[in-house]
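Report on the following structure.
The values are calculated or read from the model by the stated rules, or taken from the named source; none is laboratory data. Every value quoted in this text rests on a predicted model; they were computed, and no experiment measured them. Positions of Cβ are generated from backbone atoms using ideal geometry, with glycine treated the same way; all protein chains shown enter the neighbour counts.
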Amino acid sequence: MIDLKGKTAIVTGAAVGLGNAYAVALAKEGVNLAVCDVRPEIGKVGRDLENIGVQCEAREGDVSDPDFVRRFVDDTKSIFGRIDILVNNAGVWGASVADDDMEKSLTDYENIVGTNLKGEFLFGRAVIPIMIEQGTGGDIINVATDHMVTCGTPHFYCEGNSECPHKEDIHGIGNAGDGPRPTGGGDAMDLYDASKWALNGFLYGWAKALTDKNIRVNALCMGATDSYMLRSFHDFDPSEEEVSQWMRAEDNAQVMIGILREGRHGRNAQNHQFCMGRTVALEPPISQLYVLEEDVRIGGPK
Ligand SMILES: NC(=O)c1ccc[n+]([C@@H]2O[C@H](COP(=O)([O-])OP(=O)(O)OC[C@H]3O[C@@H](n4cnc5c(N)ncnc54)[C@H](O)[C@@H]3O)[C@@H](O)[C@H]2O)c1
């Protein structure tokens, strides 16, 4: 395990929700921060992070704006002298369905794909050459969703539930709902899911290109986690029972810290899944996933 103290991280979308929890967790590890958000309260968030005892540069800006990203990343490098960690977190959700009209769809596309996919792409393109030039490795964490790997409904809701459309009992132990379930978050999520699945291109493509530079790329695929976004799905009035079932952003952030503390020989090119109803913890490394050359293994300690 490595010490993160003194490193520099960029966290996007850090004003509220998961991004804020990631920034706070990094600050508590002694990591200096450059944070950004479209929300003006990012300035106050920056001061709160400094009060934890680290240096922090906070900027209001849109991750889908190439000029903003270029300036923010270059200024981060000038101010801190280095960039070790990029947490590509900023994301939005909006209902979009297959038969939406063209005008609404184009606005949704710019908003959802622009933030979730273009934003991560722009930050990657701006930060990666800096990390390579530094020559000391680095970490990129892309924030995705559990829709990459499940239908989004927690397993425990379906166990024994004859209403579950995927109720096949694959293990033959009388557990309805144990069967294979299609991925994706439902019919009003086409753009959201498309923007998140596309992140696999950056997860695997970047990891392959950057393994020999000691830059790791991992993705976080969480289910329902208490945040501004999740509360907005419940009209900001969720029941106590609903809230008690959600995961906590702070726990999620600790898993991210665990990945970062593994250092250059740790997990790489992995979608890390966190499911409601299960302990929020690092999954075992994926083993034997070879890229480029036989002696370059990604997915687990060498
Ligand atoms: N909360 C969940 O249950 C959940 C589940 C799966 C994935 N996620 C993902 O986690 C990430 C964080 O989500 P959250 O739940 O904390 O959401 P949130 O809405 O609570 O916080 C997102 C933050 O990103 C900022 N942001 C949005 N668009 C931006 C832009 N264009 N430029 C800069 N900042 C922008 C927002 O202002 C906000 O501060 C997102 O990528 C989301 O898709 C969340």
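Considering each residue of the range 54-66, count those that are part of a loop (DSSP other than H, G, I, E, B), aliphatic (A, V, I, L, M) and within 16 Å of the ligand (Cβ to nearest atom), and give that number.
Initial filter on the range 54-66 (part of a loop (DSSP other than H, G, I, E, B)): 54-55, 61-65.
Subset that is aliphatic (A, V, I, L, M): 54, 63.
Right, trim to within 16 Å of the ligand (Cβ to nearest atom) and you get 63.
Count: 1.
Can you pull out the residues in the range 67-88 that are assigned to a loop (DSSP other than H, G, I, E, B) and crowded, with 21+ Cβ neighbours inside 10 Å? Steps first, answer last, please.
Here is the first cut: in the range 67-88, the residues assigned to a loop (DSSP other than H, G, I, E, B) are 81-84.
Hits for the range 67-88 are ILE83, ASP84.
Among ASP67, ASP62, ASP3, which is the only one that is in contact with a strand residue (DSSP E or B) (Cβ under 9 Å, 6 or more places away or on another chain) and among the charged types (D, E, K, R)?
On the way: ASP67 fails: in contact with a strand residue (DSSP E or B) (Cβ under 9 Å, 6 or more places away or on another chain); ASP3 fails: in contact with a strand residue (DSSP E or B) (Cβ under 9 Å, 6 or more places away or on another chain).
Going through ASP67, ASP62, ASP3 in turn, the sole match is ASP62.
Please state which one of ALA34, ALA14, ALA21 is closer than 26 Å to MET247 by Cβ, modelled with pLDDT of 95 or more and touching a strand residue (DSSP E or B) at 6+ places or on another chain (Cβ under 6 Å). Walk me through it before giving the result.
On the way: ALA34 fails: closer than 26 Å to MET247 by Cβ; ALA21 fails: touching a strand residue (DSSP E or B) at 6+ places or on another chain (Cβ under 6 Å).
On inspection, the qualifying residue turns out to be ALA14.
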The correct count of residues that are of a type in the set (A, V, I, L, M) and closer than 17 Å to LYS5 by Cα in the range 36-61 is 3
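Could you go through the range 29-42 and let me know if any residue there is outside any helix (DSSP H, G or I), polar (S, T, N, Q) and in contact (Cβ under 8 Å) with a residue 12 or more places away in the chain. I'd like the intermediate steps shown before the answer.
First, the residues of the range 29-42 that are outside any helix (DSSP H, G or I): 29-41.
Next, from what is left, pick out any that are polar (S, T, N, Q): 32.
Still in the running and in contact (Cβ under 8 Å) with a residue 12 or more places away in the chain: 32.
Scanning the range 29-42 turns up at least one residue that is outside any helix (DSSP H, G or I), polar (S, T, N, Q) and in contact (Cβ under 8 Å) with a residue 12 or more places away in the chain.
Just checking: which of the helices (runs of 4 or more DSSP H) contained wholly in the range 180-246 hold 3 or more residues that are in the same structural domain as GLY19 (by TED's automatic domain parsing) and charged (D, E, K, R)? Don't jump to the end; show me each part of the working.
On the way: elements: 190-197, 199-210, 228-233, 240-245.
Ranges flagged: 190-197, 240-245.
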Subset of the range 34-50, residues within 16 Å of the ligand (Cβ to nearest atom) and either of a type in the set (Asp, Glu) or in contact with a His (Cβ under 9 Å, 6 or more places away or on another chain) (or both), comes to ASP37, GLU41, ASP48
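Would you check if SER96 is assigned by TED's automatic domain parsing to the domain that holds GLY258, within 16 Å of the ligand (Cβ to nearest atom), more than 26 Å from LEU210 (Cα to Cα) and in contact (Cβ under 8 Å) with a residue 12 or more places away in the chain? Steps first, please.
Details: assigned by TED's automatic domain parsing to the domain that holds GLY258: yes; within 16 Å of the ligand (Cβ to nearest atom): yes; more than 26 Å from LEU210 (Cα to Cα): yes; in contact (Cβ under 8 Å) with a residue 12 or more places away in the chain: yes.
In short, yes.
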In the range 106-115, is there at least one residue being at pLDDT 95 or above, of a type in the set (Ser, Thr, Tyr), over 14 Å from ILE141 (Cα atoms) and within 11 Å of the ligand (Cβ to nearest atom)? yes
Scan the range 252-274 and tell me whether some residue there is surrounded by fewer than 17 Cβ atoms within 10 Å (Cβ to Cβ), at pLDDT below 90 and farther than 15 Å from ALA207 by Cα. no
Any residue in the range 284-293 that is modelled with pLDDT under 90, closer than 19 Å to VAL143 by Cα and in contact with a Phe, Trp or Tyr (Cβ under 7 Å, 6 or more places away or on another chain)? no
ASP178: passes all of (1) modelled with pLDDT of 95 or more; (2) more than 13 Å from the chain's Cα centre (by Cα); (3) not hydrophobic (A, V, I, L, M, F, W, C) but (1)
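Just name the residue that is farthest from ILE10 (Cα to Cα) out of those in the range 89-105 that are of a type in the set (Gly, Ala, Ser) and either modelled with pLDDT under 95 or in a loop (DSSP other than H, G, I, E, B) (or both). Steps first, answer last, please.
Here is the first cut: in the range 89-105, the residues of a type in the set (Gly, Ala, Ser) are 90-91, 94-96, 98, 105.
Imposing the further condition that a residue be either modelled with pLDDT under 95 or in a loop (DSSP other than H, G, I, E, B) (or both) reduces the set to 90-91, 94-95, 98.
Numbers: ALA90: 11, GLY91: 15, GLY94: 25, ALA95: 29, ALA98: 35 Å.
Per the criteria, the residue is ALA98.
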Those residues that are aliphatic (A, V, I, L, M) and within 13 Å of the ligand (Cβ to nearest atom), I need them from the range 1-33; list them, please. ILE10, VAL11, ALA14, ALA15, VAL16, LEU18, ALA21, ALA23, VAL24
